[in-house]
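To start, the structure under review is shown below, and the notes come after it.
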Amino acid sequence: MFRLDGKTALVTGGSKGIGLGLAQGLAEAGADLVLVARGQADLETAREKLAETGRRIEIATCDLLQTDEIDGFYQELIADIGSIDILINNAGMTVRAPAHELAMADLQKILALNVTSVFAMSQAFARERIAAGQPGKIVNIGSLMCSATRPGTSAYTTSKGGVLLMTKALATDWASHGILVNAIGPGYIETPLTKPLVDDPEFTGWVQERTPLARWGTPADLVGAAVFLASPAADFITGQIIYVDGGWLARF
Ligand SMILES: NC(=O)c1ccc[n+]([C@@H]2O[C@H](COP(=O)([O-])OP(=O)(O)OC[C@H]3O[C@@H](n4cnc5c(N)ncnc54)[C@H](OP(=O)(O)O)[C@@H]3O)[C@@H](O)[C@H]2O)c1
């Protein structure tokens, strides 16, 4: 019940970090893949790395900040490579600044990528699934900041709070079509996005002290939850978030 054989999974931001780790895990569970990001070279490197799984790996470039173009991109993509059964909305960004110093342009970019593009990709996916009379699984990558925050992350926290309630709203709207929508809330995970924090001994010390399991997580730590939510094992689960955070949120 945890296998994904015969399914195709699209992973946004699948060229690096968490997206690449999830793509690897989904392929090992049997899924064919479509990786979407902006950088062609990183996508090609990811495809080479994932070739060892023996699955079909397609790549497609798209700047998901161009939210008006997402529906057209998706239509062209599925006309070219066929339909998609599992959508992993992973691409995301952050800008760290005290709320009163945050540039409005940065807030708008964060909301465009972390919220609007997730909605638009989900909508394109659901429209095709509903028209085809087929079920589907969506897994949104949230964060600890779906339900908590820390200084300097107001825009990111605003966006990830939106992802959590969007997950519940889309799950509710599409349940009758067999489209199940869930989220994963990673804790502190070592990726290119968090490299400046990993390289800061003071911050890494704080992560180790603050996280009950006392370490940074890795993209591989998130695979179990993603495969589970995408698989038949989670066929009666929708509108939920699973935090994969080493116990961070459990502790005062
Ligand atoms: N790392 C953590 O500790 C952590 C914790 C909680 C949640 N998260 C969430 O996990 C997700 C992935 O984070 P990460 O740490 O793996 O990030 P990352 O290492 O920066 O990777 C981001 C991925 O998204 C792609 N991407 C970025 N902007 C894009 C755009 N405008 N259009 C299309 N693709 C874009 C990147 O490729 P290109 O640059 O080539 O486009 C890359 O493949 C994000 O939603 C993040 O908020 C991360």
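Since every read-out is calculated from the coordinates, none of them should be taken as a lab result. What you see is a predicted model, and the numbers here were worked out from it, not measured in a lab. Every residue, glycine as well, gets a Cβ built from its backbone with ideal geometry; the counts of neighbours run over all protein chains shown.
Please count how many residues of segment 123-152 are within 13 Å of the ligand (Cβ to nearest atom) and in contact with a strand residue (DSSP E or B) (Cβ under 9 Å, 6 or more places away or on another chain).
Of the residues in that region, 9 qualify.
Among residues belonging to segment 154-174 that are surrounded by fewer than 22 Cβ atoms within 10 Å (Cβ to Cβ) and either among the β-branched types (V, I, T) or part of a loop (DSSP other than H, G, I, E, B) (or both), point out the one that is farthest from the ligand (Cβ to nearest atom).
Checking each candidate, the answer is T172.
If you take just the helices (runs of 4 or more DSSP H) that sit entirely in segment 189-232, which of them hold at least 2 residues that are in contact (Cβ under 8 Å) with a residue 24 or more places away in the chain?
Ranges flagged: 223-230.
For residues that are assigned to a strand (DSSP E or B) and either farther than 19 Å from A148 by Cα or in contact with a Pro (Cβ under 9 Å, 6 or more places away or on another chain) (or both), tally how many sit in segment 175-185. Talk me through it step by step, then tell me what you get.
Within segment 175-185, the first condition is being assigned to a strand (DSSP E or B), and the residues that meet it are 179-185.
Filter once more, keeping what is either farther than 19 Å from A148 by Cα or in contact with a Pro (Cβ under 9 Å, 6 or more places away or on another chain) (or both): 179-181.
Selection size over segment 175-185: 3.
Just one of G247, G239, G217 is of a type outside the set (V, I, T) and exposed (fewer than 14 other Cβ atoms within 10 Å of the Cβ); which is it? Reasoning before the result, please.
Values: G239 fails: exposed (fewer than 14 other Cβ atoms within 10 Å of the Cβ); G217 fails: exposed (fewer than 14 other Cβ atoms within 10 Å of the Cβ).
Result: G247 is the single residue among G247, G239, G217 that is of a type outside the set (V, I, T) and exposed (fewer than 14 other Cβ atoms within 10 Å of the Cβ).
Got a sec? Which strands (runs of 3 or more DSSP E) wholly within segment 15-91 have at least 2 residues that are near the ligand (Cβ under 9 Å from one of its atoms)? Walk me through it before giving the result.
Numbers: elements: 32-37, 57-61, 86-89.
Fully inside segment 15-91 and qualifying: 32-37.
Looking at I130, I84, I88, I141, which is the one that is under 23 Å from F236 (Cα atoms), touching a His at 6+ places or on another chain (Cβ under 8 Å) and among the hydrophobic types (A, V, I, L, M, F, W, C)? Reasoning before the result, please.
Values: I84 fails: touching a His at 6+ places or on another chain (Cβ under 8 Å); I88 fails: touching a His at 6+ places or on another chain (Cβ under 8 Å); I141 fails: touching a His at 6+ places or on another chain (Cβ under 8 Å).
Of I130, I84, I88, I141, the one residue that is under 23 Å from F236 (Cα atoms), touching a His at 6+ places or on another chain (Cβ under 8 Å) and among the hydrophobic types (A, V, I, L, M, F, W, C) is I130.
With respect to E58, is the statement that it is surrounded by 16 or more Cβ atoms within 10 Å (Cβ to Cβ) and over 24 Å from T167 (Cα atoms) true? Lay out the reasoning, then the answer.
On the way: surrounded by 16 or more Cβ atoms within 10 Å (Cβ to Cβ): yes; over 24 Å from T167 (Cα atoms): yes.
It is true that E58 is surrounded by 16 or more Cβ atoms within 10 Å (Cβ to Cβ) and over 24 Å from T167 (Cα atoms).
Report, by residue number, each residue of segment 5-14 that is away from the ligand (no atom under 11 Å from the Cβ) and either among the basic types (K, R) or touching a residue at least 40 places away in the same chain (Cβ under 8 Å) (or both).
K7, T8, A9, L10
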